[in-house]
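First comes the structure, then the notes that go with it.
The values are calculated or read from the model by the stated rules, or taken from the named source; none is laboratory data. All values derive from a computational prediction rather than experimental measurement. Positions of Cβ are backbone-derived with ideal geometry, glycine not excepted, and every protein chain shown enters the neighbour counts.
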Amino acid sequence: MNEQIEKLIKASQAIKELLDIVALDVQKNCAHEECYECTHEASQLNNNRHKPPCRICLECRLAEAGWGCGYGLLKKSKVIKTINRSELYQMMIPGQVKQTIKLKRIN
Ligand SMILES: [Zn+2]
């Protein structure tokens, strides 16, 4: 592989790891005062494919699905605006999209 590309790939991976560490630390210490929410989305084809309502904190970008017993960390967060699902996904911190939506809480 080209040496310059290889160096940039390594630097990019280091930045992603650092972003993940910093984001998790900020999220642990955030009061999650205000959030945006997207509503539940029913599947047209399969009842098992419903998409849950989700919230995202405006400060730390922690995202949660409000499925089952409801929200955890964002339960008391004030919903400022309802947005669509793709807008909410675009607000998430890169690399945390899958893990934060699926996990109920970050320990
Ligand atoms: Zn927050």
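Among the residues in segment 24-32, are any buried (at least 16 other Cβ atoms within 10 Å of the Cβ), out of contact with any His (no Cβ under 6 Å at 6 or more places or on another chain) and part of a loop (DSSP other than H, G, I, E, B)?
Restricting attention to segment 24-32, the residues satisfying the condition of being buried (at least 16 other Cβ atoms within 10 Å of the Cβ) are 24, 27, 30, 32.
Then keep just the ones that are out of contact with any His (no Cβ under 6 Å at 6 or more places or on another chain); that gives 24, 27, 30, 32.
Narrowing the set further to residues that are part of a loop (DSSP other than H, G, I, E, B) leaves 30, 32.
Checking segment 24-32: at least one residue is buried (at least 16 other Cβ atoms within 10 Å of the Cβ), out of contact with any His (no Cβ under 6 Å at 6 or more places or on another chain) and part of a loop (DSSP other than H, G, I, E, B).
Contact list please: Cβ distance under 9 Å, first residue in segment 11-24 and within 24 Å of Ile56 (Cβ to Cβ), second residue of a type in the set (Gly, Ala, Ser) and surrounded by 10 or more Cβ atoms within 10 Å (Cβ to Cβ), pairs at least six apart or on different chains.
Lys16/Gly95; Glu17/Gly95; Leu19/Gly95; Asp20/Gly95; Ala23/Gly95
Taking segment 33-47 as the search range and keeping residues that are under 23 Å from Lys78 (Cβ atoms) and part of a loop (DSSP other than H, G, I, E, B), which one is nearest to the ligand (Cβ to nearest atom)?
To start, the set of residues in segment 33-47 that are under 23 Å from Lys78 (Cβ atoms) comprises 33-41.
Within this subset, residues satisfying the condition of being part of a loop (DSSP other than H, G, I, E, B) are 33, 39-40.
Values: Glu33: 8, Thr39: 20, His40: 22 Å.
Looking at the filtered set, the residue picked out is Glu33.
With (1) charged (D, E, K, R); (2) outside any strand (DSSP E or B); (3) more than 29 Å from Ile15 (Cα to Cα) as the list, and Lys81 as the residue in question, which single condition is left unmet?
Unmet for Lys81, out of (1) charged (D, E, K, R); (2) outside any strand (DSSP E or B); (3) more than 29 Å from Ile15 (Cα to Cα): (2).
If you check Arg105, Arg85, which single one turns out to be within 19 Å of Asn29 (Cα to Cα), at pLDDT below 95 and away from the ligand (no atom under 12 Å from the Cβ)?
So the residue among Arg105, Arg85 that is within 19 Å of Asn29 (Cα to Cα), at pLDDT below 95 and away from the ligand (no atom under 12 Å from the Cβ) is Arg105.
Do we have any residue at all in segment 37-44 that's crowded, with 16+ Cβ neighbours inside 10 Å, at pLDDT 90 or above, farther than 28 Å from Leu18 by Cβ and touching a helix residue (DSSP H, G or I) at 6+ places or on another chain (Cβ under 6 Å)?
yes
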